[in-house]
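Visitor: First the structure, which I've put down as structure tokens, then a few questions once you've had a look.
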Amino acid sequence: MDAILLQILNGLDKGSAYALIALGLTLIFGTLGVVNFAHGALFMIGAFCAVTLQRLLSLSFETVDPTKTDFLGNPAKIKTPYIESWLGPETGAAIIDWSVPLAILFSIPIMLFVGYVMERGLIKHFYKRPHADQILVTFGLAIVLQELVKHYYGANPIPTGAPDAFKGSFDFGVVLGFDPNLIIYPYWRMVYFAFAAVIIGAVFAFLQFTTFGMVVRAGMADRETVGLLGINIDKRFTIMFGIAAAVAGLAGVMYAPINSPNYHMGMDFLVLSFVVVVVGGMGSLPGAVLAGFMLGILESFASMNWIKDILPGIDQIIIYLVAIIILLARPRGLMGRKGVMED
Amino acid sequence: MSNSNLTRRGVLKSGAVAGAGVALPTIFTASSAAAYTNEPTGGTVTLGFNVPQSGPYADEGADELRAYQLAVEHLNGEGDAGMMNTFSSKALKGNGILGKKVEFVTGDTQTKSDAARASAKSMIEKDGAVMITGGSSSGVAVAVQGLCQEAGVIFMAGLTHSNDTTGKDKKANGFRHFFNAYMSGAALAPVLAARYGADRKAYHLTADYTWGWTQEESIVAATEALGWETVNTVKTPLAATDFSSYITPILQTDADVLVLNHYGGNMVNSLTNAVQFGLREKQVNGRNFEIVVPLFSRLMARGAGENIKGILGSTNWHWSLTDAGSAAFVKSFGTKYGFPPSQAAHTTYCQTLLYADACERAGTFNPCGVAEALEGFEFDGLGNGKTLYRADDHQCFKDVLVVKGKDNPTSEFDLLEVVEITPVDQVTYDPNHPMFAGGALGECNAG
């Protein structure tokens, strides 16, 4: 029982990342009809927003300490962050410590801008082209973006820690009456799950309860009619592209303390997120969220040792296996709409 | 009118066959004029540096390339000569190799066997490289070593730690300076037993490929010999990024040590996840839960950040060593590039010098002459103490460093501290040891 609870918790944070990325993918597909293979790269850029802000806040000046030597035996240069010099050591250190949560604010305008440039500069030229063309061009764009990041940040993962207040883990076992240390869950992963829930809720509320969202939903259902009513739906869809980019970016920012960001982290999530979108149903936002959490939890369960002993390698194929079964039983996915990608 | 069987089609066919024969690359057979593959005939000799310039190990590849360039400078008599001053062999004169100026070409392995073979083949075939060196992966090293054996050039392996490189996949044309998984186990196990006790229960997470398997096998054998029990060995996919679902089952067992047979990004992520799930604070039967990373790399330690603190592992070399050779190399490298070299840089620098020295002592670039000069060669002054290039398997035998993540680093490079230098005798094994069985060097191939 304790093992099952632990794997459900594990699946929730993994599912949160899948759901956030899949939500953005579905927003873009549902509005613009574009299959965006560069979406994983947006997740990666978000994580590097956190890295960048941490580096900016840690920018330092050097002073020579004659009492210490560096690796060559020369007088050591001691680095002091400007922010600690300006605001005092304690305040400065606290701001650097909270760089990941602060990166949420830092990343939103950047991601909106990246999304806007990506859509206006490249993707809009492929709206009327076949999906295969869209996949090729966005996949190429993803490779360009990740190589750019590698060029400037290197190939190795960059540690980007959570604030000290969220380090450590919570013992669910004790709360639920099990032995201590049996069901342990890191605080930051709990934060990630809560954050994902808030973002998903915000996106749905935006689409459901605002006039802008209502128009976008109407455009998703019947673009031509909305256009005939004199509404510039293209402009709204471009904004939705920016919002989808921001959602992926925020997912990346908050993921940075879970696994140190590296340039190919977007690709690691991309294929799985597409499977999530397909299983959820192309164009269905609730389907993307549902499938994200469902496949995240299933993947976690498949990693349990006793399951792998019975079915070796199942942890590697479970998502694809489930996708095949669901698509055989429900060809449009869990919550897919009739007519989407069926022409 | 003479009767001839010649037809237009027959002439074309014969011509095509003859043309193809003439155009066949001479890579796998020495040309009639040359005594061996890519025999240098002018005033220069070309070496091929095959390192990962893209992909997950690109940073290690970049450091290897820096070391190669430094070695070439020193061989050509430029710079401060680095470890040439401390090397026990005095055959190198700073005038290139055998009087020929050293030039080099580079290839990108991408940490993929097929790409590495293609780039090595190109350097041999098109650029005339007489020796290939490099790599940051055992899979790549084994693949390129096989190619060099067929092509008739020497392969001086870079960072490759799998037992197989000088075990079942060893080749007469291939040589490894870097230590191996068996040596890591033999060096690390006594330190682990002394620090953590001889009755520990270990749980292994292992990267599911050749290096991970041999690493796990080596550590399991070495620790069980000292009384440890192996609770479970779990293979993790090389592509895995989140290890939480592999780590949480450990909480359900009575294991009190986690051994991470991971390298690169795998190691960074699995260690980070293990720390996040509170394993370092966990108590089992009144004792602290411990984590071990058998193969440490400073570049990887940077990725793991403060999670590395206090964790034991092994390494081939570390820049903080104070012997004359290490100090000379750190000074040369640090002055040129502004930061200390990694173990990958050290081993590739050494391999270049060792190759050049062997050519000088043999008086030829002929790979069979060079191989003969390297086999059984004993040397000192290259940072690892007295070292033997064993003739039986072309593996270097030298002291091994047991290191620990430093608790209070003084700089971004000061991440590991040497806790023990394990003497070479303790890590030496029989050439027919079961972990290295199944292969043969074969005959040297000069092309």
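Visitor: Antiparallel versus total DSSP beta bridges in chain B: what percent is that, nearest 5?
Guide: So the antiparallel bridges in chain B amount to around 35 percent.
Visitor: Same structure, new question: Please report B:246, B:57, B:209 as a ranked list, fewest other C-beta atoms within 10 angstrom at the top and most at the bottom.
Guide: B:209, B:246, B:57
Visitor: Could you work out the mean count of beta carbons from other protein chains within 10 Å of each residue's beta carbon in A:154-166?
Guide: Mean number of neighbouring Cβ atoms from other chains: 5.
Visitor: Based on the Cβ-Cβ distance of residue A:132 and residue A:307, what FRET efficiency does E = 1/(1 + (r/R0)^6) give at R0 = 45 Å, to the nearest 0.05?
Guide: For R0 = 45 Å, the calculated efficiency reads 0.75.
Visitor: Shielding by partners for B:246-258, please: the mean number of other protein chain Cβ atoms within 10 Å of each residue's Cβ.
Guide: 4
Visitor: Work out the length of the dipole vector of the range B:355-447 about its Cα centre, built from +1 on the beta-carbon of each Lys and Arg and -1 on the beta-carbon of each Asp and Glu, and round it to the nearest 20 debye.
Guide: Computed about the Cα centre, the dipole is about 60 debye.
Visitor: Report the chymotrypsin sites (Phe, Trp or Tyr not before Pro) located in the range A:93-164 that are in a DSSP loop and have at most 14 other Cβ atoms inside 10 Å of their Cβ, or state none.
Guide: In loop regions of the range A:93-164 (DSSP not H, G, I, E or B), the sparsely surrounded chymotrypsin sites (Phe, Trp or Tyr not before Pro) are A:127.
Visitor: Return the calculated 222 nm mean residue ellipticity for chain B, to the nearest 500 deg cm²/dmol, obtained by summing -39500 (n - 2.57) across DSSP H runs with n ≥ 4 and dividing by the residue count.
Guide: Here the helix-only value at 222 nm equals -11500 deg cm²/dmol.
Visitor: Right, another one. How far is the Cα center of the range B:348-375 from the Cα center of the range B:231-277, in Å?
Guide: Taking the Cα centre of the range B:231-277 as reference, the centre of the range B:348-375 is 42 Å away.
Visitor: Compute the FRET efficiency between residue B:126 and residue B:78 as 1/(1 + (r/R0)^6), taking r as their Cβ-Cβ distance and R0 = 30 Å, and round to the nearest 0.05.
Guide: 0.65
Visitor: For the range A:299-314 and the range A:140-200, what is the separation of their C-alpha centers, rounded to whole Å?
Guide: Here the two parts' Cα centres lie 23 Å apart.
Visitor: Which whole-number percent is the relative contact order of the range B:182-315 (Cα, under 8 Å, 6+ apart)?
Guide: RCO, the range B:182-315: 26 percent.
Visitor: Over all alpha-carbon pairs of the range B:369-447, lay out the pair-distance distribution in 5 Å bins, whole %, shortest bin first.
Guide: Taking all Cα pairs of the range B:369-447, the binned fractions are 3, 12, 16, 17, 15, 13, 10, 7, 5, 2, 0 percent.
Visitor: Follow-up. Across all directions of projection, what mean area in square nanometres is found for the Cα convex hull of the range A:133-212?
Guide: Value for the range A:133-212: 10.5 nm².
Visitor: Each residue of the range B:63-76 in turn: what ³J(HN,Hα) in whole Hz from Karplus with 6.51, -1.76, 1.60 and θ = phi - 60°, glycine and Pro shown as x?
Guide: Here the 3J(HN,Hα) series is 5, 4, 5, 4, 5, 4, 4, 5, 4, 4, 4, 5, 5, 8 Hz.
Visitor: Moving to a separate point now. Compactness ratio of the range B:363-412: Cα Rg over 2.2 N^0.38 Å, N = residue count?
Guide: With N residues counted in the range B:363-412, Rg over 2.2 N^0.38 Å equals 1.71.
Visitor: Report the FRET efficiency, 1/(1 + (r/R0)^6), for residue A:198 and residue B:418, where r is their Cβ-Cβ distance and R0 is 35 Å, rounded to 0.05.
Guide: 0.15
Visitor: Same structure again: Starting from the Cα gyration tensor of the range B:184-256, multiply each eigenvalue by 5, take the square root, and state the resulting semi-axes largest first in whole Å.
Guide: 22, 16, 9
Visitor: Another question, then. Could you check the spin-label model distance between residue A:224 and residue B:44? Points 7 Å from the Cα along Cα→Cβ, value in nm.
Guide: 6.7
Visitor: Moving on to the next point. Once you mark the GluC sites (Glu not before Pro) that are in a DSSP loop and have at most 16 other Cβ atoms within 10 Å, what is the longest gap between them in chain B?
Guide: Segment B:79-280 is the longest.
Visitor: Oh, and also: Working from the pairwise distances between different alpha carbons, so that the mean of 1/r is found and then inverted, what is the protein assembly as shown's Kirkwood radius in Å?
Guide: Taking every pair of different Cα atoms in the protein assembly as shown, averaging 1/r and inverting gives 28.7 Å.
Visitor: Give the average, rounded to an integer, of partner chain Cβ atoms located within 10 angstrom of each Cβ in B:57-64.
Guide: Per residue, the number of nearby Cβ atoms from other chains is 2 on average.
Visitor: Right, something else. Projected onto the charge dipole of the range B:36-156 (+1 at Lys/Arg Cβ, -1 at Asp/Glu Cβ, origin at the Cα centre), which of B:45, B:107, B:142 gives the Cα projection farthest towards the positive end?
Guide: B:45
Visitor: Alpha carbon centre of the range B:115-192 versus the range A:228-245: separation in Å?
Guide: 55
Visitor: Given Cβ point charges of +1 (Lys, Arg) and -1 (Asp, Glu) and nothing else, what value in debye, to the nearest 20, does the dipole of the range B:182-315 about its Cα centre take?
Guide: Computed charge dipole of the range B:182-315: roughly 380 debye.
Visitor: At 7 Å along the Cα-to-beta-carbon direction for both residue A:176 and residue B:195, put a label point, then send me their distance in nm to one decimal.
Guide: Those two pseudo-labels are separated by 3.4 nm.
Visitor: Against the empirical 2.2 N^0.38 Å scaling, what ratio does the C-alpha Rg of the range B:182-315 come to?
Guide: It is 0.93.
Visitor: Still on this structure, I have one more. Give the Rg (one decimal place) followed by the Dmax (whole number) of chain A, computed from C-alpha coordinates and expressed in Å.
Guide: Looking at chain A, its Cα Rg and Dmax stand at 22.4, 76 Å.
Visitor: Here's another thing I want to ask about it. Just for the range B:182-315, what percent of DSSP beta bridges are antiparallel, to the closest 5?
Guide: Of all bridge pairs located within the range B:182-315, approximately 10 percent are antiparallel.
Visitor: Which value results for Rg/Rh of the range B:273-363 when Rg is the Cα radius of gyration and Rh the Kirkwood radius based on the inverse mean 1/r?
Guide: Answer for the range B:273-363: 1.16.
Visitor: Between the DSSP loop rule and a limit of at most 14 other Cβ atoms within 10 Å, which trypsin sites (Lys or Arg not before Pro) in the range A:112-153 are left?
Guide: For trypsin sites (Lys or Arg not before Pro) across the range A:112-153 that sit outside H, G, I, E and B with at most 14 neighbouring Cβ atoms in 10 Å, the list reads A:128.
Visitor: Oh, and also: Among B:289, B:300, B:248, which residue has its Cα positioned farthest towards the positive end of the charge dipole of the range B:182-315, with +1 placed on the Cβ of Lys and Arg, -1 on the Cβ of Asp and Glu, and the dipole taken about the Cα centre?
Guide: Checked the options; the winner is B:300.
Visitor: If you take the charge dipole of chain B about its Cα centre, with +1 on Lys and Arg Cβ and -1 on Asp and Glu Cβ, which of B:269, B:225, B:67 is farthest toward its positive end?
Guide: B:67
Visitor: If you don't mind, another one. Determine Rg/Rh for chain B; Rg is computed over alpha-carbon atoms and Rh is the Kirkwood hydrodynamic estimate from the same atoms.
Guide: 1.04
Visitor: In debye to the nearest 20, how big a dipole does chain A give about its Cα centre with +1 on each Lys and Arg Cβ and -1 on each Asp and Glu Cβ?
Guide: The dipole of chain A has a size of about 1000 debye.
Visitor: Restricting to Cα pairs below 8 Å that are 6+ residues apart, what does the relative contact order work out to for chain B? Please round to a whole percent.
Guide: This gives 19 percent for chain B.
Visitor: In addition: Exposure proxy check: A:136, B:238, B:260 ranked by fewest other beta carbons within 10 Å?
Guide: A:136, B:238, B:260
Where a number appears in this text, it was derived from the coordinates with a stated rule and is not lab data. Everything numeric in this text was worked out from a predicted model, so none of it was measured. Counting neighbours? That spans all protein chains shown, and the Cβs are built from the backbone with ideal geometry, glycine included.
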